[in-house]
Amino acid sequence: KYSTHANVFANRITWDFLNTYYVQIYKEQAKLYGVEREMAPYIEAHKVLEEPKSDAFFSLGDLWPNSIMFDVDSRIIWCIDWEMARFETRHRDIEQLFTNLWVMKQDAVFYDAQLCERLMRRLQREFFGADDADWRLHCNGETMTEFILMAAALLAEPHIKRRDSQLLLTAIREVEMLRSNLSV
C-alpha cells in the first residue's frame, strides 16, 4: 500500500513503462503520417514532461465520451473502462476527454461536429467557469504538448475513423497559434 501519491509516482518501473509505451506510439503515428519533423519537438518535450511528479492524482487514464454513463433519473454518473487507471498529473483525465472530443469533432463523417463543439463548450463552462476561451489554456503549461501527442495516439484507436496527417497538422497549427497569442 502507498501512503502518499508521491510514493506511487516514485515507482520508476511503472512510470518508465508507460513513458516508453506512449513515446513508441507517438513515433509510430508520426512516421505513419509523414509528420516526424513536426512531431519531433512534442515527443522530446513529452520525455521531460513525463518525469514522475509529487502532485499525483488518481486518474481513469483513458477518459472519452464512451467511458461515461449517465443515469438521468438518479442523477448519477458512472465512469467505466478502468484498465488504464493510474496515478497521473492533475489534468490528465480532462485533457484526454477534451482531446477525444476535439478529434471526434474533426471527423464529421462519423461524429456530429456541432454536438462535439457544444459539449466541449459546456464542459469548459462546468470545469473552468468560461466557455469562450480555448480549453487548452485552462489546464497547465503541459497541456498543449500533451494535446498534440494524445491526438496522434488517438489515430490508432478504433473509434477514430479519420486517419490522415491533416488532423495532426491542424492540431499543431492550433497549438502554435495559441502559443503565439499568449506571447503577444
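Okay, here's what the table says:
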{"read-out": "Residue list for the stretch 53-109, restricted to those being among the small types (Gly, Ala, Ser), farther than 20 Å from Asp16 by Cβ and in contact with an Asp or Glu (Cβ under 8 Å, 6 or more places away or on another chain)", "value": "Ser67"}
{"read-out": "Residues located in the stretch 2-46, provided they are in contact with a Ser or Thr (Cβ under 9 Å, 6 or more places away or on another chain), in a helix (DSSP H, G or I) and at pLDDT below 70", "value": "His5, Ala6, Val8, Phe9"}
{"read-out": "Some residue of the stretch 101-116 being under 23 Å from Leu169 (Cβ atoms), touching a Cys at 6+ places or on another chain (Cβ under 8 Å) and not aliphatic (A, V, I, L, M)", "value": "yes"}
{"read-out": "Tabulated pairs, the stretch 47-74, first at pLDDT 80 or above, second of a type in the set (Ser, Thr, Tyr) and outside any strand (DSSP E or B), C-beta under 9 angstrom, 6+ apart or interchain", "value": "Ser59/Thr89; Leu60/Ser67; Trp64/Thr99"}
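The values are calculated or read from the model by the stated rules, or taken from the named source; none is laboratory data. Quick caveat, the model's predicted, so the values are computed rather than measured. Cβ: placed from backbone, ideal geometry, glycine included. Neighbour counts: every protein chain shown.
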